[in-house]
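Let me begin by presenting the structure, written as structure tokens, before commenting on it.
What follows is calculated from the coordinates using simple rules that are stated; it is not laboratory data. Here the structure is a predicted model, which means the values were calculated and not measured. A quick note on method: Cβ atoms are made from the backbone with ideal geometry, for glycine too, and the neighbour counts reach across all protein chains shown.
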Amino acid sequence: MPNDVFFSPGRTELAGNHTDHQQGRVLAAAVRRGLVAECVPTDSSLVEIQSHGFGTIKVQLHSLDVRPEEFGTTEALVRGVAWAFRQLDLNIGGFFARVRSTLSAGSGLSSSAAFSVLIGKIFNRYYNGDRVSPLVLARTAKEAENRHFGKPCGLMDQIACVLGGCVYADFYTGELQMLDADFRSMGLKLCLTDTGGSHAGLNSSYARIPADMQYVAGLFEKETLAEVPPEEFYAKHWNTADRPVRRALHFFEENERVPKMRDALLRKDGETYMRLMNESGRSSEKYLNNIVTSATGDTRLEQGLECSAKLLDGIGAWRVHGGGFAGCVQALMPRDFYSEYKQGMEAVFGKGKCRETRLLRPQDIKRWVD
């Protein structure tokens, strides 16, 4: 019977929309919802995972090549993490696990990153004596998502899930800073509204964002925009009607905004934080253009942002959460206004679709694994 317990939290993106894949700055936090696995190692090369509501998956570790037919599946994540461990000459082996989750579909809390990190934690404990560092675990999870799962993400999600707190990261300089973030003590509530849009079929839309940014970086003979001095970018006479230019403009503005949001959070300056959060959201809408895509024609995310604007204008802040094109609206507001906002959003998107997002604290982890 399983006798070891592992926990991997979901994450919420606070700032740095599509900056991580350009080695930019991000602000992200683990949340109190996540994945709990009851595990036992085995003597075989088989990974068997039972998930409540999703049945059982089995992955043989002697075959770790990419399987296109597995893109977007949990099998791909298991195989991908195992492959990434092997590439680093780390050990892998079989185990049996029962997994339960409070990361509902459409929650916007990055269940794929949480699951990849969970698999890495299990391999680390059972077969590597817990000697693999959190940063390496995050990178193996990212490799699994990029290569085997087919998701062109950066490293932000995995870093937050691994570190289990609120983190500021500058992927160009390597700076990592853990923050004591608590919106509740500021008299504010953070929430996510699932607008009901599906992320299926959107990988090409996501992939065009880093491709557009890398195209502009290439004009400066650089691989990523973080390597381009901002003053050199702004010195050019750009045609802002061009999509790659607009997306690069978003990167440079957002990259400057992230440390300002970090500092406001540390000062517990809710007014400044919400002003900057709104600037971030409008930049994603105007320059990054990750609200509506022709790939699906889904306008529910756009509708969620418009509803939030009507409900929160002059009161709070709202922005697209994560990759965009579908999914969630993130909002922050004074505690006393939350019930009115929730009622207004759920009148449009359905009961239970708007939920408070509480950041993870160290004492919460013990609660999950007890």
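Based on the Cβ-Cβ distance from Glu231 to Ile315, what FRET efficiency comes out when R0 is 25 Å, to the nearest 0.05? Don't skip to the answer; put the middle values down first.
On the way: r = 36 Å, r/R0 = 1.46.
Once rounded, the FRET efficiency stands at 0.10.
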Of the residues Trp83, Trp318, Trp238, which exhibits the maximal mean-square fluctuation in a Gaussian network model of the chain defined by a 10 Å Cα contact cut-off?
Trp238
Of Pro210, Pro229, Pro41, the one that fluctuates the most in a GNM where the chain has Cα springs shorter than 10 Å:
Pro229
What's the long-distance tail for the stretch 257-370, i.e. % of Cα pairs beyond 20 Å?
48
When only alpha-carbon atoms count, how far does the stretch 60-219 stretch along each of its three principal axes, as whole angstroms with the largest first?
50, 38, 36
In the chain, if the dipole is taken from +1 on Lys/Arg beta carbons and -1 on Asp/Glu beta carbons about the Cα centre, which of Asn146, Ala347, Gly316 is farthest to the positive end?
Ala347
When the convex hull of the C-alpha atoms of the stretch 11-130 is computed, what volume per residue in Å³ does it have?
134
What is the calculated FRET efficiency for Thr73 to Thr42, with r their C-beta to C-beta distance and R₀ = 25 Å, to the nearest 0.05?
0.70
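Between Asp242 and Asp269, what FRET efficiency follows from the Cβ-Cβ distance if R0 is 25 Å, with the result rounded to 0.05?
Working: r = 36 Å, r/R0 = 1.44.
Once the sixth-power term is evaluated, E becomes 0.10.
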Lysines whose Cα lies under 16 Å from that of Lys310, excluding same-chain neighbours fewer than 8 positions away
Lys342
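Dividing the alpha-carbon Rg of the stretch 180-318 by 2.2 N^0.38 Å yields what?
1.17
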Size of charge dipole - the stretch 248-370 - debye, nearest 20, with Cβ of Lys, Arg +1 and Asp, Glu -1, no other charges:
420
So, in Å, what gap is there between the alpha-carbon centers of the stretch 162-202 and the stretch 313-362?
14
Among Met186, Met274, Met156, which one moves the most in a GNM of the chain with springs linking Cα atoms closer than 10 Å?
Met186
What Rg and what Dmax come out for the stretch 127-255 when only alpha-carbon atoms are used, in angstroms?
17.8, 55
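Considering just Cα atoms, how many Å³ per residue does the convex hull of the chain enclose? The partial results should precede the final answer.
Values: hull volume 51.8 nm³, N = 370.
Measuring per residue, one finds 140 Å³ for the Cα hull of the chain.
Quick one, could you list the DSSP H helices from the chain stretching 30 Å or more along their long axis (Cα atoms) with average Kyte-Doolittle hydropathy of -1.0 or above? Walk me through the intermediate numbers first.
Details: long enough: 243-267 (36 Å, -0.96).
Going by DSSP H runs, the hits are 243-267.
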